[in-house]
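A short worksheet on the structure shown next.
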Amino acid sequence: MHESVGLATGFLIQALHRAGLATLTHTPKPMSFLTDICGRDKDNERPYMLLITGYPDEHATVPLHALDKKSLDEIASFI
């Protein structure tokens, strides 16, 4: 179940990005507070993540450290 929600969320984030929107994901633990705030059924529904979406400021930038990516050889090994 979590895998399906994660994949669908990834596709949604990519679609929002291509539409020019910025996103911020947040997965607080525990998430039960959100069920209470929204008045949802505790037995049949569980929040997975908060996805904050909006148009970025015209002067928004990506932090330089976020642009420094490791090479594939640094993060994976193939046997």
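Let me have the 222 nm mean residue ellipticity of the chain computed from DSSP H runs of 4+ only, each contributing -39500 (n - 2.57), with the sum over all residues rounded to the nearest 500.
Values: 4 runs with 32 residues, N = 79.
Using -39500 (n - 2.57) per qualifying helix, the result is -11000 deg cm²/dmol.
To the nearest 20 Debye, how big is the dipole of the chain about its Cα centre, given +1 on the beta carbon of each Lys and Arg and -1 on that of each Asp and Glu? Could you put the intermediate results ahead of the total?
Values: 7 positive and 10 negative charges, 15 e Å.
Value, rounded to 20: 80 debye.
Need the list of lysines near Lys29 for cross-linking: C-alpha distance under 17 angstrom, and skip anything on the same chain fewer than eight residues off.
Candidates past the 8-residue exclusion: Lys42.
Where the Cα atoms of the chain are projected onto their three principal axes, how long is each span, largest first, in whole Å?
Cα extents, longest axis first: 45, 44, 22 Å.
Where does helix 2-18 land angle-wise versus the long Cα axis of the chain, in degrees 0 to 90, nearest 10?
Tilt of helix 2-18: around 60 degrees.
Taking R0 as 35 Å, what FRET efficiency do you get between Lys70 and Arg46 from their Cβ-Cβ distance, rounded to the nearest 0.05?
That gives a FRET efficiency of 0.55.
Once both labels are modelled 7 Å past Cα along the beta-carbon direction, what's the Cys38-Ala22 spacing in nm?
2.4 nm
Each reported figure results from applying straightforward, stated rules to the coordinates on display, with no laboratory input. Computed from a predicted structure; not experimentally measured. FYI the Cβ positions are ideal-geometry reconstructions off the backbone, even for glycines, and counts take in every protein chain you see.
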